[in-house]
Amino acid sequence: MSRAKRKLDHIQYALNDKPSGMTGFDDVQIVHQSLPDSSVEEVSLHSEVGGLNLSSPFFINAMTGGGGEKTLEINASLARAAKETGIAVSVGSQMSAIKDKQERRTYSIVRKENPDGVIFGNIGSEATLSQALEAVEMIEADALQIHLNVIQELAMPEGDRSFNGALERISHIANELSIPVIVKETGFGISREAAAKLNDTAVTAIDAGGYGGTNFSSIENSRQQRKKLFFDHWGIPTAASIVETVSVTEKTVLASGGIQSSIDILKSLILGASAAGIAGKFLRILTEDGESALIKEIEYVNEDLVMMMTALGCRNVSSLHRAPVVISGDLYHWLHSRGLH
Ligand code: FNR
């Protein structure tokens with residue numbers, strides 16, 4: 001199967017595959033504060049990743065590129081929505097354009113549509129330093145995401161079967177790049193053990209990328225005869241993965257995987273993330289309701305976050321990290337059995 005066809009399949013299957021919602025956020029209850037001593041105009045949504053300013057603590061996460069007109073159109077819309085609202089946007093894996101120069105336009109359109117915005121490049125952990133540099137140059141990236149997707153590769157018949165040396169390659173790239181490097185999971189979650197390994201490198205940020213949203217095992221299994229269903233329920237729920245990651249690093253932690261609403265973003269920030277990435281939900285709004293609906297949604301999320309931060313008496317994202325919550329259910333048991341609660 002061609003790479004272009006696979007990209008289009010991924011979009012279609014991601015749209016058809018309803019997220020399980022098993023992120024763990026339902027097990028996080030925010031403790032209401034009746035005397036917040038705050039007002040709406042004092043709240044700042046500003047956040048940062050390695051000195052890079054984000055005007056909102058959420059961003060459009062990596063989705064697509066390569067694959068022709070359809071992906072070009074999606075990327076152009078995502079870039080315009082990001083420009084209009086001032087939020088950061090990531091492109092999908094740039095490996096296809098590194099291998100086939102004709103595909104570059106489906107990525108460079110993002111910079112063209114959003115010349116001054118914060119844009120993250122994206123490559124896999126199989127990439128070499130020179131490929132990482134090429135990805136950065138291709139879109140004048142402000143930061144580079146390196147994705148970890150062992151489960152998706154194993155679930156694909158044509159996927160990679162060796163994952164040796166990824167940490168060394170990541171470490172080398174992070175040492176050499178002059179922009180922030182973000183290591184992200186793609187829906188199966190960063191564990192405390194993986195985060196500890198990344199903590200010993202020069203990467204700037206770790207995106208927990210947990211379970212409960214877009215599920216690339218389930219997507220691949222829908223496309224194949226020979227199904228590996230055991231991977232469909234594999235993974236660390238996003239809320240648990242954020243806490244696991246925060247427990248072993250002082251680096252910036254980001255949250256993604258199944259973020260569906262402003263309250264999921266808020267809970268991510270309270271658990272210790274500096275910003276949250278949203279992929280499937282934004283793709284669905286864009287394809288079902290169009291670009292202006294996506295812009296409206298992003299504006300609503302900004303407004304919602306200001307309201308909720310005012311209610312909690314938290315004027316900025318870092319003060320949210322100290323907001324009290326009660327953890328129950330499966331998340332409580334996960335954290336307890338991992339010695340994190
Ligand atoms: C993705 N994702 C992704 N991630 C990445 O690092 N590089 C990529 O090329 C892609 N491609 C891609 C295509 C499509 C169609 C989707 C929906 C997603 C993964 C994405 O960034 C994110 O990690 C997961 O989708 C989980 O987040 P959501 O979708 O639950 O918000």
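No lab work stands behind these numbers, since they all come straight from the coordinates. Computed from a predicted model, the values in this text were never measured in an experiment. Neighbour counts run over all protein chains shown; Cβ positions are idealised from the backbone, glycine included.
See the values below:
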| quantity | calculated |
| --- | --- |
| For segment 1-51: span of alpha carbons on each principal axis (Å, largest first) | 59, 32, 20 |
| Amide H contacts under 5 Å for Tyr211, placed H, 5+ residues apart | Gly189, Ile236, Thr238 |
| FRET efficiency for Lys99 and His336, using Cβ-Cβ distance with R0 set to 41 Å, rounded to 0.05 | 0.35 |
| Selection of chymotrypsin sites (Phe, Trp or Tyr not before Pro), segment 145-250, meeting DSSP coil and at most 14 other Cβ within 10 Å | Phe163 |
| Pairs of alpha carbons in segment 78-136 whose separation is greater than 13 Å (percent) | 57 percent |
| Scattering curve values for the chain, log₁₀ I(q)/I(0), Debye with Cα scatterers, q = 0.07, 0.13, 0.14, 0.16 Å⁻¹ | -0.26, -0.95, -1.12, -1.51 |
| Segment 1-131, relative contact order in percent, only Cα pairs under 8 angstrom and at least six apart counted | 22 percent |
| 5 angstrom amide H check on Phe59, placed H, neighbours 5+ away | Ala276, Gly277, Ile278 |
| Using alpha-carbon coordinates, inclination of helix 280-289 to the longest axis of the chain, degrees | 80 degrees |
| Theoretical FRET efficiency, 1/(1+(r/R0)^6), r = Cβ-Cβ of Lys228 and Ser34, R0 56 Å, to 0.05 | 0.65 |
| Sequence-distant residues sharing a close amide H with Arg315 (under 5 Å, placed H) | none |
| FRET efficiency, 1/(1 + (r/R0)^6) with R0 22 Å, evaluated for Ser162 and Lys5 via beta carbons | 0.35 |
| Percent antiparallel among DSSP beta bridges (both partners in segment 1-146, rounded to 5) | 25 percent |
| Principal semi-axes in Å for segment 1-144 [√(5λ), Cα gyration tensor, largest first] | 32, 20, 14 |
| Rough spin-label spacing in nm, given labels placed 7 Å along Cα→Cβ, for Glu303 and Asn16 | 3.6 nm |
| All-pairs Cα distance distribution in segment 212-326, expressed in whole percent, bin size 5 Å | 2, 11, 17, 18, 17, 15, 11, 6, 2, 1, 0 |
| Overall dimensions of segment 273-341 by Cα: Rg and Dmax, Å | 16.3, 45 |
| Average Cα contact separation per residue, segment 149-258, under 8 Å, 6 or more apart, as relative contact order % | 32 percent |
| In sequence order, calculated HN-Hα J values of segment 309-317 (Karplus, 6.51, -1.76, 1.60; Hz; x Gly/Pro) | 5, 4, 4, 8, x, 10, 7, 8, 5 |
| In segment 34-103, the GluC sites (Glu not before Pro) that fall in loop regions by DSSP, at most 12 other Cβ within 10 Å | none |
| Counting DSSP beta bridges with both ends in the chain, the antiparallel % (nearest 5) | 20 percent |
| The chain: relative contact order in percent, alpha carbon pairs under 8 Å with at least 6 residues between | 23 percent |
